[in-house]
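Here's the structure, in structure tokens; my notes come after.
Bear in mind that the values in this text are calculations on the coordinates, not laboratory data. What you see is a predicted model; the values in this text were computed from it and never measured. Positions of Cβ are backbone-derived with ideal geometry, glycine not excepted, and every protein chain shown enters the neighbour counts.
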Amino acid sequence: MNNALPLDSLLTYFDLSKNAIGSSRWWNDLSKSKAPFTKVQQNGTCRVLFIWQDPEGGKHSSTTSSVILNVNGLTNHNTWQPNCLNRYNDSALWFACLDINDKWRGSYSFIPIQANQLPQLVKQGDESREAQRCWWLEMVKQQVLDPLNSGPSVASGWGLNSSLHLPNAPRELGWQEWDQGKLNNLPIAANVNITWFADQLDNQRQCTVFSTATGKAPLVILLDGEKWGADSGMLSVLQYLTNINKIVPAHYLLIPSIDSKTRWQELSCSALFWQAVTEQLLPRVTDRLLQSEKSISEFILAGQSLGGLSAVYAGIHFQTYFTKVISLSGSFWWPEVERMQDPDAYKSAHPEWKKIVPKNSLADRVSNNEVSVAGLHIYQTVGNAETQLSVYNDLHYEIFKQHGAKITYQKVDGGHDWLSWRSSLINGLISLLPSQV
């Protein structure tokens with residue numbers, strides 16, 4: 001956090017008006033600029049200024065006592081003292097400044113909190129990790145978008161966030177067109193909805209099949225499929241990139257997660273889940289495609305977080321079907337949950353934690369020759385800001401590669417973030433299904 005400079009100096013640095021700061025006219029002029037406000041520096045970083053106007057007014061009329069700056073991957077969610085904005089005098093204006101890698105792409109939000117929610121009042125002597133986690137999960141429910149950011153919002157696990165694309169972030173194929181509103185009117189083929197009653201899992205859900213192909217083509221399975229529906233822009237981007245020959249025509253199966261509890265059960269290396277997919281769901285998808293004179297040439301699996309773990313698990317244990325997988329920020333700490341539930345305690349108890357492969361993890365089982373990754377094609381990414389996940393992804397990458405997997409591994413300048421995953425998913429498809437043109 002770079003809050004050493006007063007607001008007046010920051011406004012000068014970013015070429016913003018200092019005339020009658022906080023007045024209606026000043027806010028109106030500010031809204032015409034592109035927020036958050038950025039300026040590239042010479043050391044490979046970008047200085048970013050965030051400004052928020054409290055809708056309740058200044059200090060004497062507002063119930064807001066503090067505002068958390070929640071930048072995915074940069075704000076520490078495991079502390080009672082996360083990054084916060086500063087109030088300008090007693091006005092409705094709050095601000096903060098960060099120096100961030102100039103290649104960064106990520107989402108952010110503001111979290112206004114009231115006096116009775118301040119950490120010093122909430123913890124009341126209980127400074128445990130569990131208490132802090134409960135406090136954070138309550139606070140993040142209050143996050144709000146940046147009203148000054150005119151770009152499209154992006155969904156996160158906790159709601160809608162604003163987007164931050166720094167000047168040297170890699171170009172996103174298709175997404176710039178989507179963000180600019182150019183893809184809304186693309187002729188997208190009618191989706192096929194399949195109600196899947198999974199006997200083995202004792203549940204049901206609505207799955208979606210979307211095709212950019214007219215005949216025989218790969219079937220791409222997207223886990224957490226509810227996140228990749230029409231509202232996300234993914235289907236429009238897939239159709240657009242197919243139209244311009246960046247991605248081969250394909251069929252896409254979106255398998256939604258029912259709820260958080262069920263997701264943990266199904267995507268944490270569950271043989272039962274993948275048996276249900278291969279034995280019940282895929283035959284139904286095949287039949288529905290045949291009704292439109294379409295068929296499947298091969299299968300590609302894609303998932304993020306737990307889904308990234310599950311995709312690799314299925315590639316290892318169900319190789320009759322799956323030989324190509326995309327793993328985005330895969331949860332390769334599994335099954336040692338304590339590594340993520342209380343990372344500081346785990347690191348303290350295991351000083352060499354970065355070298356310790358999680359016991360009974362996929363990498364551990366591959367190392368012990370209990371299972372094989374030979375012949376498996378993997379496209380794997382993780383965010384540079386995902387400190388712990390990067391370690392576990394590194395460990396798995398090295399072991400998978402040593403044991404015969406054909407693997408492409410990339411670090412992206414971002415966090416555990418749908419804004420990173422959307423472009424990585426496209427890059428993974430291009431890598432595993434290159435266009436013939």
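Observations on the model:
- Aspartates and glutamates whose Cα lies under 19 Å from that of LYS59, excluding same-chain neighbours fewer than 8 positions away: ASP90
- Calculated on C-alpha atoms, the gyration radius of segment 7-165 divided by its Kirkwood radius gives an Rg/Rh of 0.97.
- Listed residue pairs exceeding 20 Å between alpha carbons, taken from LYS227/LYS354; LYS103/LYS406; LYS39/LYS103; LYS227/LYS406; LYS294/LYS406: LYS227/LYS354; LYS103/LYS406; LYS227/LYS406; LYS294/LYS406
- Label-to-label distance, THR320 versus ASN116, with points set 7 angstrom from Cα along the beta-carbon direction: 5.9 nm.
- Within straight-line reach of LYS411, meaning a Cα separation under 13 Å, sit the following aspartates and glutamates at least 8 residues removed in sequence or on another chain: GLU386, ASP394.
- Pairs of Cα atoms in segment 47-129 fall into 10 Å distance bins, from 0 up to the last occupied one, in shares of 16, 45, 30, 9, 0 percent.
- Bins of 10 Å from zero: percent of alpha-carbon pairs in the chain: 4, 19, 28, 25, 16, 7, 1
- Listed by chain and number, the aspartates and glutamates whose C-alpha is less than 17 Å from the C-alpha of LYS246, apart from same-chain residues fewer than 8 away, are GLU172, GLU177.
- DSSP loop GluC sites (Glu not before Pro) with at most 14 other Cβ within 10 Å excluded, longest remaining stretch of the chain: 128-292
- Using a cutoff of 8 angstrom between alpha carbon atoms and counting only pairs six or more residues apart, the relative contact order for the chain works out to 13 percent.
- Helical runs assigned H by DSSP (4 residues or longer) give the chain a calculated mean residue ellipticity at 222 nm of -8000 deg cm²/dmol, each run adding -39500 (n - 2.57) before division by the residue total.
- When you filter the trypsin sites (Lys or Arg not before Pro) in segment 47-155 for DSSP loop state and at most 15 other Cβ atoms inside 10 Å of their Cβ, you are left with LYS59, LYS123.
- Computed across segment 1-90, the Kirkwood hydrodynamic radius from all distinct Cα-Cα pairs reaches 14.8 Å.
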